[in-house]
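Some notes on the structure that comes next.
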Amino acid sequence: MKTLIIFLCLTTTAWAQPWPQTPPKIGRLELKQEYWNYIKEAAQRYQISPYLIQAVCAIESRYDPYAHSGMCFGLMQLHIDTAKKYGIVNPLNARDNIMGGAAVLARLLGKYDGDIRRVLHVYNATCTAAYEREVIRAYNQASLIETSSLPSNRHHH
């Protein structure tokens, strides 16, 4: 019974967030509602932007939970050793993968004072300028909903 109460408390706080109910669009990619819910849960848990998590998923795996490249797996392309370090048994499990990736991002954001570019370089060891641009563009595109009320500075590109 206790767990149910805790769970209810968690979900009500999650709903209190201003994040959109349905996933923002990044390019033509379709993010499953289920994954967006996990992303919002992870963002809440680790106090980071869901749009950053979403952008990393978009660029790393094109939202494919079974994607893998070398020793990196899943939506956020978690390295198998990193997954183990964060207690993730199956990096192909979408929720675990997102939780693990978000935990890594949160740790790096703390370490580098929120400098997304530095975070991305550590998150993806093979981070190229193109990768960095893509993630930042995806992040900006996803978070436009929240920032659309702010004065635009998009003409600098």
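The values are calculated or read from the model by the stated rules, or taken from the named source; none is laboratory data. Given the structure is predicted, the values throughout are model-derived calculations rather than measurements. Using ideal geometry, Cβ is built from the backbone for each residue, glycine included, and neighbour counts are taken over all protein chains shown.
What the table shows:
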{"quantity": "Residue within segment 45-59 that is buried (at least 20 other Cβ atoms within 10 Å of the Cβ) and among the charged types (D, E, K, R) present", "calculated": "no"}
{"quantity": "Within segment 74-133, helices (runs of 4 or more DSSP H) holding 3 or more residues that are buried (at least 16 other Cβ atoms within 10 Å of the Cβ)", "calculated": "94-111, 116-123"}
{"quantity": "Flag for residue 45 being at pLDDT 90 or above, farther than 16 Å from residue 135 by Cα and among the basic types (Lys, Arg)", "calculated": "yes"}
{"quantity": "Residues satisfying the stated conditions in segment 85-111, i.e. more than 11 Å from the chain's Cα centre (by Cα), at pLDDT 95 or above and over 16 Å from residue 66 (Cα atoms)", "calculated": "107, 108, 109, 110, 111"}
